[in-house]
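The values are calculated or read from the model by the stated rules, or taken from the named source; none is laboratory data. All of these numbers come straight from a predicted model, not from anything done at the bench. Glycine also receives a Cβ, built like all others from the backbone with ideal geometry; neighbour counts cover every protein chain displayed. Accessible surface areas use protein heavy atoms only, side chains included; no ligands, DNA or RNA. Shrake-Rupley method; radii C 1.70, N 1.55, O 1.52, S 1.80 Å.
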Amino acid sequence: MKMLINVAETVVADALRGLAVAHPELTVDVENRVIVRRDAPVEGKVGLVSGGGSGHEPLHGGFVGLGMLSAACPGEVFTSPVPDQMVRAAAAVDSGAGVLFIVKNYTGDVLNFEMAAELAEDEGIQVAKVLVNDDVAVTDSLYTAGRRGTGATLFVEKIAGAAAEEGQPLERVQSIARQVNESARSFGVALSACTTPAKGSPTFDLPTGELELGIGIHGEPGRERRAMMTSREIADFAVDAILQDMPPKNPVLLLVNGMGATPLLELYGFNAEVHRVLAERNVAVARTLVGNYVTSLDMAGASVTLCQIDEEMLRLWDAPVRTPGLRWGI
């Protein structure tokens, strides 16, 4: 496979160096693998720290900035960051108001963030945590005990980030983050496998003419493999899988997310089909976001995330945000 890299061993470091020169509003520590808002710590503000394996960009480094994360810890490709990164990030953003760790439900991330929280508290930093586990496709996968954390991570980081930006206290920011996660569900579909720089070839075998329903963001298996379906058929399947798990009571936020290699032409067409299904199921959509946000390197495919919202959550979603990957209201 052809890749726009130097060598596999320096892919993450090279990307961080590029991020640093493109976004001087961030402080990027390439050696220690920590990305921080340049104005951190902000007095009286709860710090939001997240992270995970690289390969899912713009998650998480692309969501550092006003209205979202205070810091992010990128690991190697599809590999959890280490506790030292998380402690360093927490120390960099702690203003005395505490720090919230936002953790996707993958075993390595969970264990390392728990260890980091203990180490940070030993240094006098108050830490709270929220676990994101929104994927309805499968329970207990290659990387997970319980449901995987996927597209809802963006909703959690944006809405909790807005609450923190307003100066809300740590307990309230954590409560809002948990509410968002509990109100969100996701389902993903792969049309092709991704290729890691280290392997240089597809991470799993997906024959031509087939797709994987319920794929994970590391290429973990989904519910089933089928012959290729139309955009309309995929939308029906994905939305119904979500609504069976979470019958909607309120309007929803909708994320139609590309897995990395699917062009916007296809994603917008898929978005039209998702809206059609939701309208047929009498689900009101308050806001829609379409694009590549929680990716899996060069995987072709898409995921759908729905989040039931109330007026307060919608207000926080609409609040200004300025990050490399998400920007409005500024």
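Observations on the structure shown:
- Check: the stretch 47-178 dipole with +1 on Lys, Arg Cβ and -1 on Asp, Glu Cβ, in debye: 340
- Whichever lysines have a C-alpha closer than 29 Å to that of LYS2, once near sequence neighbours (fewer than 8 apart) are set aside: LYS199
- Each principal axis of the Cα atoms in the chain has its own extent, and those three values, largest first, are 54, 48, 36 angstrom.
- Mean Cβ neighbour count within 10 Å, used as a protection proxy, ranking 202-213, 91-102 highest first: 91-102, 202-213
- Note on the stretch 184-318: with charges restricted to the Cβ of Lys and Arg (+1) and Asp and Glu (-1), its dipole about the Cα centre is near 20 debye.
- Put simply, the amide H of GLY98, placed in the peptide plane, has neighbours under 5 Å in GLY47, GLN126, leaving out anything fewer than 5 places away on its chain.
- Placing a label point 7 Å from the Cα of VAL30 along the Cα-to-Cβ line, no residue of the stretch 296-318 has its backbone N under 18 Å from it.
- Helical contribution to [θ] at 222 nm, DSSP H n ≥ 4, -39,500 (n - 2.57), averaged over the chain, rounded to 500: -10000 deg cm²/dmol
- Zone of GLU171's modelled label, taken as backbone nitrogen in the stretch 93-114 under 17 Å from a point 7 Å along Cα→Cβ: 97-100
- Surface share of carbon and sulfur [accessible, 1.4 angstrom probe, percent] for the stretch 1-148: 54
- Listed peptides 5-15, 44-54 by packing density, highest first (mean Cβ within 10 Å): 44-54, 5-15
- With the simple model of a label 7 Å out from the Cα in the direction of the Cβ, GLU114 to PHE204 spans 2.6 nm.
- Calculated FRET efficiency for the pair ASP122/SER231, C-beta based, R₀ 56 Å, to 0.05: 0.65
- Accessible surface area normalised per residue over the stretch 168-285 is 44 Å², counting heavy atoms of protein chains with a 1.4 Å rolling probe.
- Long-range amide H partners of THR295 with built H, under 5 Å: GLU57, LEU59
- Counting protein heavy atoms only, the stretch 184-318 has 52 percent of its accessible area on carbon and sulfur, 1.4 angstrom probe.
- For the pair ARG17 and ALA145, a Förster radius of 35 Å applied to the C-beta separation gives a FRET efficiency near 0.50, rounded to the nearest 0.05.
- Ordering of 64-76, 114-126, 157-169 by burial proxy (mean other Cβ atoms within 10 Å per residue, highest first): 64-76, 157-169, 114-126
- The stretch 103-161 - accessible surface per residue (Å², probe 1.4 Å): 36
- For GLU210, residues with placed amide H under 5 Å, excluding near neighbours: MET228
- Computed log10 I(q)/I(0) for the stretch 184-318 at 0.11, 0.14, 0.16, 0.22 Å⁻¹: -0.38, -0.61, -0.78, -1.32, from the Debye equation with unit scatterers placed on every C-alpha and solvent omitted.
- With θ taken as phi - 60° and the Karplus curve 6.51 cos²θ - 1.76 cosθ + 1.60 applied, the whole-hertz 3J(HN,Hα) list for the stretch 197-214 is x, 5, 7, x, 8, x, 6, 8, 9, 10, x, 4, x, 10, 9, 10, 8, x Hz, x standing for glycine and proline.
- Between LYS249, LYS104, LYS129, the Gaussian network model of the chain with springs among Cα atoms under 10 angstrom shows the greatest mean-square fluctuation at LYS249.
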